[in-house]
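Notes follow the structure.
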Amino acid sequence: MIKATKIILNRAEGSIRDCGQVTVQGENIWEQAAGVLRRWRYNAPGPGQGYHKCDLTVKFADGFEFKDRVDITNYDYVTAESHLQNLINSHAKNKKPEAWTEEQFQNYLKRDWVQGLIKLAKKLENYQIGDV
């Protein structure tokens, strides 16, 4: 499995003191990133109030970079690790998200642009997601 070498989180919305970029690397990289997101969620919007955007970049030892956005709220704790695991589970392993019906999930998988996500998720299966 190919390990992550750097995780970059860039919070674009929220209080000025929390906005900006944080880079983590070294030992326990995924737990370090989780700590940043955990800290940021305390002043993020609550239920029915929206979310704050956070850009996520994960750089792996072979040079591959995964880029996406994580939405931060104070009621739904998302980590970089859980975000990637959910992508892999729902797209590479065809596991339906709990909140969706089977029909909703099958209709989603038929969309052309979802095929790109499926290829990405299958590629990510070769990478170590999380600290082991």
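General remarks:
- Subset of the range 73-131 (residues that are more than 29 Å from R41 (Cα to Cα) and small (G, A, S)): G116
- Residue list for the range 73-107, restricted to those being modelled with pLDDT of 90 or more and among the charged types (D, E, K, R): E81, E102, E103
- Where a residue in the range 91-103 is within 15 Å of I118 (Cα to Cα) and its partner, wherever it lies, is at pLDDT below 80 and surrounded by 12 or more Cβ atoms within 10 Å (Cβ to Cβ), with Cβ under 7 Å and at least six apart: P97/S90
- When residues in the range 7-36 are screened for being over 12 Å from A80 (Cβ atoms), in a strand (DSSP E or B) and aliphatic (A, V, I, L, M), 0 of them pass.
- Pairs, first without any contact (Cβ under 8 Å) to a residue 40 or more places away in the chain and assigned to a helix (DSSP H, G or I) in the range 104-132, second surrounded by 12 or more Cβ atoms within 10 Å (Cβ to Cβ) and of a type in the set (V, I, T), C-beta under 6 Å, six or more apart: A121/I88
- Of all the criteria given as (1) exposed (fewer than 14 other Cβ atoms within 10 Å of the Cβ); (2) outside any helix (DSSP H, G or I), the one not satisfied by R39 is (2).
- Each residue in the range 108-129 was checked for being of a type in the set (D, E) and modelled with pLDDT under 85, and 1 of them qualify.
The values are calculated or read from the model by the stated rules, or taken from the named source; none is laboratory data. None of these values were measured; they are calculated from a predicted model. In this analysis, Cβ positions are derived from the backbone assuming ideal geometry, glycine residues included, and neighbour counts consider all displayed protein chains.
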